[in-house]
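Participant: Below you will find the structure I want to go over with you.
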Amino acid sequence: MKIPKNLPDFVGAVLSIVLGVVVSIEGFRIRSHAVSQYTLDHTLPAILGVLFIVLGTMLMISTMRDQEHEQDKRRTLPSPYQNRMILSLSTLGLYFLMLNIMGYLLATLIASVLLFRIVGTYRWARSVACALVLTGSLYLVFIKWLQISFPAGIFF
Amino acid sequence: MLMAGFSEAITPGNLLMAALGALVGTFVGVLPGLGPTSAIAILLPVTAVLEPTQGIIMLAGIYYGAMYGGSTTAILLNIPGEISSVPTCLDGYPLAKKGKGGPALGISAIASFGAGILGVIGLVFFAPVLADQALKFGPPEYFALMIFALTLMVSLSGTSLLKALLMGGLGYTLALIGLGPSSGMPRFDYGSSTLAGGLDMISIIIGLFAIAEVLKGIEEKRLTTVIGKTGRVYPSKADLKKSFAPMLRGGIIGFFLGLLPGCSAAISSFLAYDMEKKASKEPEQFGKGAIEGVAAPEAANNATSSAGFIPLFSLGIPSSPPLAILLAGLMIYGLTPGPVLFEQNGPFVWTVIASMFIGNAMLLFLNLPMVWLWVKLTKVPYGIMAPTILMLCTIGAYSVRNSLFDVLVAFFFGGLGYLFQRYQWPIVPLILCFILGPLLEESFIQTMAMSSGDLTILLERPISFAILVGAAIFLTISMGLNRRTQKRVKEEKQRGIDVA
């Protein structure tokens, strides 16, 4: 098989085609529930399904003969700080899990310490100090002043 | 009506929100790496605790404040926060290198103020007329209008129209999740009651714009930058005299282009710069520090931004990414953007318009005597800013529906948005179609029911036919202007200007 010249777009094209199939199947399922000829909830999904498959195929073909991509390669090269970005995103994932268990305040404090340490590369002591100031400020503004109720967690 | 708007706009609460919006907007405009779209996205849920008028006044203030502030980094750091600020860099930065950064910032603020006011005056006269005509719209006209809005994708497509169309399709698909409008049956829920409730617009916007932007900033290891002396901010009489005509020309070009839905501020600022260069008696000075090269694009940029409120308020069509988020804001407040907005919420619209006059005056004050403060603020370390923004994003996503699922959606779309930006898949068509998707589907279903399934009704009714013809004309103009702007951006990138 011919190797695509623009791999990221090729992957995007394949995902688009897959999405097209999924959306078409859902459109077909919704159509079977239609009670009258003007129950048209399936129309847009059907159009979108076909659109994804057609446009995805066109994009796939264009990635095989993509000339300009060579010039843009510099932009898609991994950065030396990519690990820091991945760690930050992982911290957000961890933060989401902690929110349910530990509650808003404790989870925010822990996630902030980690983010200050990862993004700012500050020492632990400074990261903790920054996190305390940030969590405290958010608590005062959003919980005390604006009265937004956040998850309390299982410990409180 | 406008006077009534003024009397409402000068109440302490509204004045405070206009000032706060202008202040926050200038702040985010000054900071490289956080544009008006991200700022509005983050603050949209926070403003939900305010009254609709105050909330939209603040968000509008952020929008035009960021347009003002964006010129500061363009002139002092050669970093245009938005593509529309690229032409400002061309002469602004050489002026800053000569120690004339202050007068360049001064002219930029005056040009932005003059053009902003020109745009708002246009808004006062044009928007009600357009909205009045649009009141005659029925479902086929609305459906035609949504098709018109689709033509925006061409101007927002970035480097690839194919990818823009796919992203638009993804936006529509995400909007389909939830209950079907005609049957009330859940779609794309896969047995999950959470998905049957649909995806929240704000979480997606926060993820795609704000979180993705921060992740990009972390990867690029954004740092604070050392800036040289800016000199005195107030421009000399000679500078003002030289800049007056370019400001006027730039403002007029920007305003009329801003009336066309789909014509971005980038198009008008490049066009104004190029036209000024052609009209100048000393074109060789352009690119080396001509003050006219700052005045014209800044005026055009701000006039287009203000004029963008005309299609937004009167037709419900956003012409730029921040206006798309503002459209979402209007919807969150339960306001119907489009023709009925003036009829149903007249006092609200006129108060917001009146506050724009006040906000622009406030911005002139914020940008002239206080420019030293903004220069200092560019020194806030990214290591402090990024975690703070991420925590605010979490609160923003959660607070709309008090749902942790929305936080997860924001984080997921943050990661996805980062990938989209990295591989140059345009995000704005996705958001535009996500916002317009339900309106398009509803008007389509109503049109089909009205015409017994015959779509030729769109060609039989004069207004819907005129809208479709208009869409075709705008599409052609848009494609031509977009191609021209892309060519110019490419040229400037080759000369070393990198858009943040």
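Participant: If the Cβ limit is 6 Å and pairs must be 6+ apart or interchain, which residue in the range A:42-61 that is surrounded by 16 or more Cβ atoms within 10 Å (Cβ to Cβ) pairs with which residue that is of a type in the set (S, T, N, Q)?
Facilitator: Listed by first residue and then by second, the contacts come to A:Leu48/B:Thr173; A:Gly49/A:Ser24; A:Phe52/A:Ser16; A:Gly56/A:Ser16.
Participant: Now for a separate question. Has the range B:143-152 got at least one residue that is of a type in the set (A, V, I, L, M, F, W, C), touching a residue at least 60 places away in the same chain (Cβ under 8 Å) and at the interface with another protein chain (Cβ under 10 Å from one of its Cβ atoms)?
Facilitator: Among the residues of the range B:143-152, not one is of a type in the set (A, V, I, L, M, F, W, C), touching a residue at least 60 places away in the same chain (Cβ under 8 Å) and at the interface with another protein chain (Cβ under 10 Å from one of its Cβ atoms), which makes the answer no.
Participant: Here is a follow-up. Can you find, within the range A:50-70, the residue that is modelled with the lowest pLDDT among those that are at the interface with chain B (Cβ under 9 Å from one of its Cβ atoms) and outside any loop (DSSP other than H, G, I, E, B)? Quick ask: steps written out before the conclusion?
Facilitator: First, pick out the residues of the range A:50-70 that are at the interface with chain B (Cβ under 9 Å from one of its Cβ atoms): A:51-52, A:55-56, A:58-59, A:62, A:68.
In the following step, the residues that additionally are outside any loop (DSSP other than H, G, I, E, B) were identified as A:51-52, A:55-56, A:58-59, A:62.
On the way: A:Leu51: 93, A:Phe52: 94, A:Leu55: 93, A:Gly56: 94, A:Met58: 93, A:Leu59: 91, A:Ser62: 88.
Taking the candidates together, the pick is A:Ser62.
Participant: Something else now. Taking the residues in the range B:400-421 that are more than 9 Å from chain A (Cβ to nearest Cβ) and of a type in the set (Val, Ile, Thr) as candidates, determine which candidate is surrounded by the fewest Cβ atoms within 10 Å (Cβ to Cβ).
Facilitator: Looking at the filtered set, the residue picked out is B:Val400.
Participant: Separate question: How many residues does the range B:275-334 contain that are among the hydrophobic types (A, V, I, L, M, F, W, C) and without any contact (Cβ under 8 Å) to a residue 40 or more places away in the chain? Steps first, answer last, please.
Facilitator: Going through the range B:275-334, the residues among the hydrophobic types (A, V, I, L, M, F, W, C) turn out to be B:275, B:279, B:286, B:290-291, B:294-296, B:299-300, B:303, B:307, B:309-310, B:312-313, B:315, B:317, B:323-328, B:330-332.
Now drop any that are not without any contact (Cβ under 8 Å) to a residue 40 or more places away in the chain, which leaves B:275, B:279, B:312.
Selection size over the range B:275-334: 3.
Participant: Does the range B:379-413 hold any residues that are among the aromatic types (Phe, Trp, Tyr) and over 17 Å from A:Val141 (Cα atoms), and which are they? Reasoning before the result, please.
Facilitator: Keep residues of the range B:379-413 that are among the aromatic types (Phe, Trp, Tyr), which gives B:382, B:398, B:405, B:411-413.
Those that are among the aromatic types (Phe, Trp, Tyr) and over 17 Å from A:Val141 (Cα atoms): B:Tyr382, B:Phe405, B:Phe411, B:Phe412, B:Phe413.
Participant: Report yes if A:Thr121 is of a type in the set (Val, Ile, Thr), facing chain B (nearest Cβ under 9 Å) and under 22 Å from B:Val46 (Cα atoms), otherwise no. It would help to see each step written out before you state the result.
Facilitator: Numbers: of a type in the set (Val, Ile, Thr): yes; facing chain B (nearest Cβ under 9 Å): yes; under 22 Å from B:Val46 (Cα atoms): no.
No; evaluated as a whole, the condition is false for this residue.
Participant: I need the full set of residues from the range B:385-407 which are among the hydrophobic types (A, V, I, L, M, F, W, C) and on the phi > 0 side of the Ramachandran plot, in order please.
Facilitator: Keep residues of the range B:385-407 that are among the hydrophobic types (A, V, I, L, M, F, W, C), which gives B:385-386, B:389-393, B:395, B:397, B:400, B:404-405, B:407.
Listed by number, the list is empty, since nothing qualifies.
Participant: Could you figure out which of (1) modelled with pLDDT of 80 or more; (2) on the phi > 0 side of the Ramachandran plot isn't true of B:Ser280?
Facilitator: Condition not satisfied by B:Ser280: (2).
Participant: While we're looking at this one, here's another question. Take the residues of the range A:139-153 that are over 14 Å from B:Leu392 (Cβ atoms) and not aliphatic (A, V, I, L, M): which is surrounded by the most Cβ atoms within 10 Å (Cβ to Cβ)?
Facilitator: Here the residue is A:Pro151.
Participant: What do you reckon, is B:Val124 under 21 Å from the mean Cα position of the chain (by Cα) and not polar (S, T, N, Q)?
Facilitator: On the way: under 21 Å from the mean Cα position of the chain (by Cα): yes; not polar (S, T, N, Q): yes.
Here the answer is yes, as B:Val124 does meet what is asked.
Participant: I'd like the residue in the range B:422-450 that is surrounded by fewer than 21 Cβ atoms within 10 Å (Cβ to Cβ) and of a type in the set (S, T, N, Q) and, out of all such residues, is farthest from the other protein chains (Cβ to nearest Cβ).
Facilitator: Taking the candidates together, the pick is B:Gln446.
The values are calculated or read from the model by the stated rules, or taken from the named source; none is laboratory data. The structure presented is a predicted model; accordingly, all values stated were derived computationally and were not measured. In this analysis, Cβ positions are derived from the backbone assuming ideal geometry, glycine residues included, and neighbour counts consider all displayed protein chains.
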